[in-house]
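Participant: Below you will find the structure I want to go over with you.
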Amino acid sequence: KIGEKISNVSFTSLDNSEYNLYKSDKDFIIISYIFSRCPIPEMCPATIAKKQSIAKSFTDNKNVEFIFISFDYLYDSPKILSDKYSTIENNYKNMFFLSSVDHINDLFLITKQSGISFGGVEDNNIGHTMRTIIVDNNLTLLKIYEGINWKPGDVKKDIRSFLNLIDN
């Protein structure tokens, strides 16, 4: 729920380093969930494209970070994610893809706190709900975007509003 704090979780970055939410020094983190083999263009690939559009607007702002956490804790290793998404990460220095391989407890914790449900990983038939969230530097949940119908312009506007609050 809005106003609640996300727990400390860790995942693995494309370079095999640990990414820990509590160690982030960003004022705002925009979190979405994906998996690399998503077969539905309107879901994971569309979310990535939308966030690229948003991230491009904040490339000069060092206080905003965009992360994608993979649901696929069996397949989406850092190497798999790197093969698929490293070009995006290289083009957007404020965007990161994170592997949940060997972080299943952290994945279950953050998805539950984010209001996300998913399943079918063991059967290679992943299904999931869609939600993007914004948390602040204390990992307090500030904003939720449900499903796939949110507009990048709305998210940009909300991020700018949050940034204005800390600037004043």
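The values are calculated or read from the model by the stated rules, or taken from the named source; none is laboratory data. Note that the coordinates shown come from a computational prediction; the quantities given were computed from them, not determined experimentally. Here the Cβ is made from the backbone with ideal geometry for all residues, glycine too, and neighbour counts use every protein chain on show. With ligands, DNA and RNA removed, areas are computed over all heavy atoms of the protein, side chains included. Shrake-Rupley method; radii C 1.70, N 1.55, O 1.52, S 1.80 Å.
Participant: On the basis of being more than 19 Å from K156 (Cα to Cα) and either assigned to a helix (DSSP H, G or I) or among the hydroxyl-bearing types (S, T, Y) (or both), does I48 make the cut?
Facilitator: So I48 does not fit the description; no.
Participant: Does N138 count as within 19 Å of D25 (Cα to Cα) and either of a type outside the set (S, T, Y) or assigned to a loop (DSSP other than H, G, I, E, B) (or both)?
Facilitator: Yes; evaluated as a whole, the condition is true for this residue.
Participant: If you don't mind, there's one more thing I want to ask. Evaluate the following for V135: is it more than 23 Å from I40 (Cβ to Cβ), buried (at least 20 other Cβ atoms within 10 Å of the Cβ) and in contact with a Leu (Cβ under 6 Å, 6 or more places away or on another chain)?
Facilitator: Considered against the rule, which asks whether it is more than 23 Å from I40 (Cβ to Cβ), buried (at least 20 other Cβ atoms within 10 Å of the Cβ) and in contact with a Leu (Cβ under 6 Å, 6 or more places away or on another chain), V135 comes out as yes.
Participant: Given the criterion in contact (Cβ under 8 Å) with a residue 40 or more places away in the chain, assigned to a helix (DSSP H, G or I), touching a helix residue (DSSP H, G or I) at 6+ places or on another chain (Cβ under 6 Å) and not hydrophobic (A, V, I, L, M, F, W, C), identify the matching residue among K84, K156.
Facilitator: Result: K156 is the single residue among K84, K156 that is in contact (Cβ under 8 Å) with a residue 40 or more places away in the chain, assigned to a helix (DSSP H, G or I), touching a helix residue (DSSP H, G or I) at 6+ places or on another chain (Cβ under 6 Å) and not hydrophobic (A, V, I, L, M, F, W, C).
Participant: Something else about it: Under 14 Å from the mean Cα position of the chain (by Cα), within 18 Å of L81 (Cβ to Cβ) and assigned to a strand (DSSP E or B) - does that describe any residue in segment 98-121?
Facilitator: yes
Participant: From the residues in segment 1-29 that are in a loop (DSSP other than H, G, I, E, B) and among the β-branched types (V, I, T), which one is surrounded by the most Cβ atoms within 10 Å (Cβ to Cβ)?
Facilitator: Of all residues in segment 1-29, those in a loop (DSSP other than H, G, I, E, B) come to 1-4, 6-9, 13-17, 24-27.
After this cut, where a residue has to be among the β-branched types (V, I, T) as well, the list is 2, 6, 9.
Values: I2: 10, I6: 20, V9: 22.
Among them, the one singled out is V9.
Participant: Every residue in segment 114-126 that is among the hydroxyl-bearing types (S, T, Y) and either in contact (Cβ under 8 Å) with a residue 60 or more places away in the chain or closer than 21 Å to P152 by Cα (or both), please. Steps first, please.
Facilitator: Step one: of segment 114-126, the residues among the hydroxyl-bearing types (S, T, Y) are 114, 117.
The one that is among the hydroxyl-bearing types (S, T, Y) and either in contact (Cβ under 8 Å) with a residue 60 or more places away in the chain or closer than 21 Å to P152 by Cα (or both): S114.
Participant: Pick out the one residue from T111, T129 that is of a type outside the set (D, E), under 13 Å from S32 (Cα atoms) and free of Cβ contacts under 8 Å to residues at least 40 places away in the same chain.
Facilitator: T129
Residue by residue, here is whether (1) modelled with pLDDT of 90 or more; (2) closer than 21 Å to V121 by Cα; (3) within 15 Å of the chain's Cα centre (by Cα) holds:
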{"site": "Y19", "(1), (2), (3)": "yes, no, yes"}
{"site": "I29", "(1), (2), (3)": "yes, no, yes"}
{"site": "R37", "(1), (2), (3)": "yes, yes, no"}
{"site": "P41", "(1), (2), (3)": "no, yes, no"}
{"site": "Q52", "(1), (2), (3)": "yes, no, yes"}
{"site": "K56", "(1), (2), (3)": "yes, no, no"}
{"site": "I67", "(1), (2), (3)": "yes, yes, yes"}
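Participant: Cβ-Cβ under 9 Å, sequence separation 6+ or interchain: first residue in segment 37-50 and touching a residue at least 60 places away in the same chain (Cβ under 8 Å), partner of a type in the set (V, I, T) and surrounded by fewer than 13 Cβ atoms within 10 Å (Cβ to Cβ). Which pairs?
Facilitator: Short answer, once both residue conditions are applied: A46/I40.
Participant: At pLDDT 95 or above, surrounded by 13 or more Cβ atoms within 10 Å (Cβ to Cβ) and assigned to a loop (DSSP other than H, G, I, E, B): is that true of D76 in this structure?
Facilitator: For D76, the condition - at pLDDT 95 or above, surrounded by 13 or more Cβ atoms within 10 Å (Cβ to Cβ) and assigned to a loop (DSSP other than H, G, I, E, B) - is met.
Participant: Sticking with this structure for a sec: Conditions: (1) open to solvent by less than 10 Å² (accessible area, probe 1.4 Å); (2) hydroxyl-bearing (S, T, Y); (3) part of a helix (DSSP H, G or I); (4) within 22 Å of I159 (Cβ to Cβ). S32 meets all but one. Number of the miss?
Facilitator: Evaluating S32 over (1) open to solvent by less than 10 Å² (accessible area, probe 1.4 Å); (2) hydroxyl-bearing (S, T, Y); (3) part of a helix (DSSP H, G or I); (4) within 22 Å of I159 (Cβ to Cβ) leaves (3) as the failure.
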